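The values are calculated or read from the model by the stated rules, or taken from the named source; none is laboratory data. All of these numbers come straight from a predicted model, not from anything done at the bench. Ideal geometry is used to build each Cβ from the backbone, glycine not excepted, and the neighbour counts take in all protein chains shown. Remember, those area values only see protein heavy atoms, side chains included, never the ligands or the DNA or RNA. Shrake-Rupley method; radii C 1.70, N 1.55, O 1.52, S 1.80 Å.
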Amino acid sequence: MKNSKNKLSNLNKTVSNLNRININDLNILLNPNAQGGNTGKSWVETYNKVKDFLPKAHRIIFTKKANDGILITRKLLRKGYKNIVAIGGDGTINEVANGFFNIKSQNIDNGKFKIDSKLKPINPKGIMYVIPSGSRNVLARSLELKHQGAESLMRIRHMKRRKMDVIVATITDKETPSLTHTKCSRNWCRS
């Protein structure tokens, strides 16, 4: 009986250690325009509150325009970085999630198009962290995230990793019906 208690205790320690994420390369993508510009306006104050909770090896990258979240995330993942933090509203989080995959718009030929249903992540070891800082935070509410903004960043080392299914949608372009756009979402950690 003593052996089974020891095995159970060791298993619990292993599970606990797996749930604490070792962050050695943290890239924070921040949309300063989120929450009507308040995320950017209060960033210096927020950063001063959270910097001691972040790993030493972190960098902050501000998005400047639409699709920056996608492009920057892809670039970081291709360079081998794996810990990507999305700070912003639902749009920013969506962009960063899409950046985990190589997705191309598909052209329709003679009214037919083929969708490649085998999406491959750019970096299979990539992890997305969601730090809600938008006006509505619909995704954060639907995922029942307990913390937002500075509180989430302070707890980032203790977030539990959770896998989520990838959902892909192909949408016909309203302006150019022969062009489609494909969007997806990805696995991330919850606070």
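Tabulated data for the structure shown
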{"quantity": "Nitroxide proxy distance, nm - points 7 Å out along Cα→Cβ at Phe53 and Ser142", "calculated": "2.6 nm"}
{"quantity": "List Phe62, Phe100, ordered by accessible area with a 1.4 Å probe, largest first", "calculated": "Phe62, Phe100"}
{"quantity": "Cα-Cα over 21 Å, subset of Lys82/Lys120; Lys79/Lys160; Lys75/Lys160; Lys75/Lys125", "calculated": "Lys79/Lys160; Lys75/Lys160"}
{"quantity": "Which of Arg136, Arg161, Arg59, Arg74 is most accessible, then next, and so on - probe 1.4 Å", "calculated": "Arg136, Arg161, Arg59, Arg74"}
{"quantity": "Sequence-distant residues sharing a close amide H with Met159 (under 5 Å, placed H)", "calculated": "Ile21"}
{"quantity": "By accessible area with a 1.4 Å probe, ligands and nucleic acids excluded, highest first: order of Leu71, Leu30", "calculated": "Leu71, Leu30"}
